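Peer 1: Let me begin by handing over the structure; questions about it come next.
The values are calculated or read from the model by the stated rules, or taken from the named source; none is laboratory data. All figures in this text were calculated on a predicted structure; none of them were measured in a lab. Cβ atoms come from the backbone with ideal geometry, glycine included; neighbour counts cover every protein chain shown.
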Amino acid sequence: MKSADMSAIRRGALFAAACVAANSLWACAAIGPKPWEKDVLARREMQVNPYPLQTATDEHIYFSKEAASGGRGFAGGGCGCN
Amino acid sequence: MQLNSGNGACLRQTLATLSLGLLSATLGEKTDRAYAQAQSQPDSPSGNSGQLIPTSKELDSSILFYQEANGRVRAIEPALQYTAHGPDSQTFNLGVIADSVTGATPNGAVPSDHTQTFVTPLKAPGGSSTTVTSASGGSTVIHLPPTPGQIAAAALGRQYTTPPGQLPVDRGFHDQRYGVNVGYSQPLGEISLVGFGGSYSIEHDYQSISASANIAQNFNLNNTTASLAVNYENDSSFPYGGVPTPLTVMTPQLKSVSSRGRSRIDIVAGLTEAMTTNWLVQLNYSYGISDGYQNDPYLIVSVVDPVTGEPNVYLYENRPTSRRLQSIYLDSKVDFGPSVTDVSFRYFMDSWGIKSTTVQVSDRVRLMGSLYVEPEIRWYQQSAANFFHNFLVTGQPLPQYASADSRLGQFVGLTYGMKLGFDLTRSTEIYLRGEFYRQTGNGHPADAIGQLKQQNLFAGVDAAYGMIGFSWNFD
């Protein structure tokens, strides 16, 4: 692989790690809430996939325009668009 | 029954639905809602959890409007999803989707400083001429020498031209796709959740059928969910004019092979962790095996003169028949109070030499009442497949595999947009989205020859799309 490719991947990975770390540090208080403490986690916007049709639409667009797919769910696109 | 064992059991079940909802995104399964319902009385640890999951139904609908720049692909995609939740965490879902796609799509050839002419099989199944009355979509219908056994009237081709300096695109591209998916899941004994699903879709020249199964188990006071899902997909490609022989010269004549197929197995192992009262983390590992016909039967590769760079001939592309894919996906979602921030990261690699990194960030900001806005940005990068070539050169050895499909080349994709949503009533929500997606790549590679040095060889996408979604919850 070209060094430019590796550099781009490293930059992407570094950016992702920074985002996750910042995201995590802000909320880090204790690992694992008690059952009666999950009211916030129960909200729709806190579900991992709160809008499946929106997710499926985005995944379908990216599947038809990019080489990588999946990760969040199954990678197959179910269409001949790629 | 686990539901009657207390609130913790209820949470265990619903966390399982949370995880499986992610894993089955492509099936449109919406088990997450059951999780939300189960959490609706979180301060009642001694309550009867069986009452926390009422029987309910949901109807989700959306319509997508997608348009690429320069008159390229335009798509309209309506979708409908029905979900029913039973009293014991059973979930049934049924979804339908339709695609209507038109516009111009790159054919893989490089631009030239001369007019280029391409002739492809006419898009009429079987080569019938009964419905052919005129040219359309910037193409001209022409008569061809009949192949053995073919009547002369049915020997037709579709010819289109590309002006000098422009990217060759086929403006006769149009297709419709119709798909349906179904899924069912429920707790089973000591297993938190077991589910099955299937999907089917059909296009003019493509068919896909798949079946899936998934299982999830909760641990650690229900704060941890481990899940495993497997999906089998079988696809058939039956292109207009038949399946071309790879790396042979582009021809409008009908091919003897009418269809080819491929199969694919994907496995996704996931771990979901409720870190705190407002922080959720998801980690997935995916592995896929795809065997069979991987080519795009309509894509070609230019073979250019080694001095002038002018195209001499066009060959059908050829890709390896086997592909192994794997990815790691990490998602972190935090509710800060005034907003919910979602950050995800994916690293992907496959046996074709493609490596990709994706980072996506969104922040859902609560405004007055139920109104919210959600800006979003996504950064995507991929390296090229090891058989990607912008062009081949006359006189040089023909490689075993070659494709000029820009989707297999190196590029960066950037998406940014905004979502606006609010509750129309207590049981209905509507949202609007607007997104811009642009790919950038190297249009002037160092190995460009002759006139190709003056051409932009990158055929990436510049698109905008909007989406309207509506959901309705009812008993």
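Peer 1: Tell me whether the range B:188-201 contains one or more residues that are part of a loop (DSSP other than H, G, I, E, B) and more than 21 Å from the chain's Cα centre (by Cα).
Peer 2: Among the residues of the range B:188-201, at least one is part of a loop (DSSP other than H, G, I, E, B) and more than 21 Å from the chain's Cα centre (by Cα), which makes the answer yes.
Peer 1: Follow-up question, since we're still on this one. If we scan the range B:439-448, do we find a residue that is surrounded by fewer than 17 Cβ atoms within 10 Å (Cβ to Cβ), within 13 Å of another protein chain (Cβ to nearest Cβ) and in contact with a Ser or Thr (Cβ under 8 Å, 6 or more places away or on another chain)?
Peer 2: Looking for residues that are surrounded by fewer than 17 Cβ atoms within 10 Å (Cβ to Cβ), within 13 Å of another protein chain (Cβ to nearest Cβ) and in contact with a Ser or Thr (Cβ under 8 Å, 6 or more places away or on another chain), one finds none in the range B:439-448, hence no.
Peer 1: Would you please name the residue that is farthest from the other protein chains (Cβ to nearest Cβ), looking only at residues in the range B:203-233 that are out of contact with any Pro (no Cβ under 8 Å at 6 or more places or on another chain), over 19 Å from residue B:269 (Cβ atoms) and buried (at least 16 other Cβ atoms within 10 Å of the Cβ)?
Peer 2: Across the range B:203-233, the extreme among qualifying residues is B:207.
Peer 1: If we scan the range B:382-393, do we find a residue that is at negative phi, more than 9 Å from chain A (Cβ to nearest Cβ) and at pLDDT below 95?
Peer 2: Among the residues of the range B:382-393, not one is at negative phi, more than 9 Å from chain A (Cβ to nearest Cβ) and at pLDDT below 95, which makes the answer no.
Peer 1: Please state which of the following conditions residue B:414 fails to meet, knowing it meets all the rest: (1) at the interface with chain A (Cβ under 10 Å from one of its Cβ atoms); (2) part of a strand (DSSP E or B); (3) closer than 26 Å to residue B:345 by Cβ.
Peer 2: That leaves (1) as the condition not met.
Peer 1: Can you report the number of residues in the range B:449-472 which are touching a residue at least 60 places away in the same chain (Cβ under 8 Å), surrounded by 18 or more Cβ atoms within 10 Å (Cβ to Cβ) and not β-branched (Val, Ile, Thr)?
Peer 2: Matching residues across the range B:449-472 total 10.
Peer 1: Given the structure, is residue B:315 surrounded by 21 or more Cβ atoms within 10 Å (Cβ to Cβ) and either free of Cβ contacts under 8 Å to residues at least 60 places away in the same chain or more than 10 Å from chain A (Cβ to nearest Cβ) (or both)?
Peer 2: yes
Peer 1: I've got another one for you. State whether one or more residues within the range B:258-266 are surrounded by 18 or more Cβ atoms within 10 Å (Cβ to Cβ), over 30 Å from residue B:204 (Cα atoms) and either without any contact (Cβ under 8 Å) to a residue 12 or more places away in the chain or not hydrophobic (A, V, I, L, M, F, W, C) (or both).
Peer 2: no
Peer 1: If I filter the range B:394-411 down to residues being away from every other protein chain (no Cβ under 14 Å) and in a loop (DSSP other than H, G, I, E, B), which single residue comes out as farthest from residue B:58 (Cα to Cα)?
Peer 2: B:395
Peer 1: Select from the range B:282-308 the residues that are buried (at least 19 other Cβ atoms within 10 Å of the Cβ) and either part of a strand (DSSP E or B) or within 7 Å of chain A (Cβ to nearest Cβ) (or both) and list them in ascending order.
Peer 2: Scanning the range B:282-308 gives B:282, B:284, B:286, B:288, B:290, B:300, B:301, B:302, B:303, B:304.
Peer 1: Take the residues of the range A:35-82 that are more than 7 Å from every other protein chain (Cβ to nearest Cβ) and in a loop (DSSP other than H, G, I, E, B): which is farthest from residue B:277 (Cα to Cα)?
Peer 2: Among residues in the range A:35-82 that are more than 7 Å from every other protein chain (Cβ to nearest Cβ) and in a loop (DSSP other than H, G, I, E, B), the one farthest from residue B:277 (Cα to Cα) is A:81.
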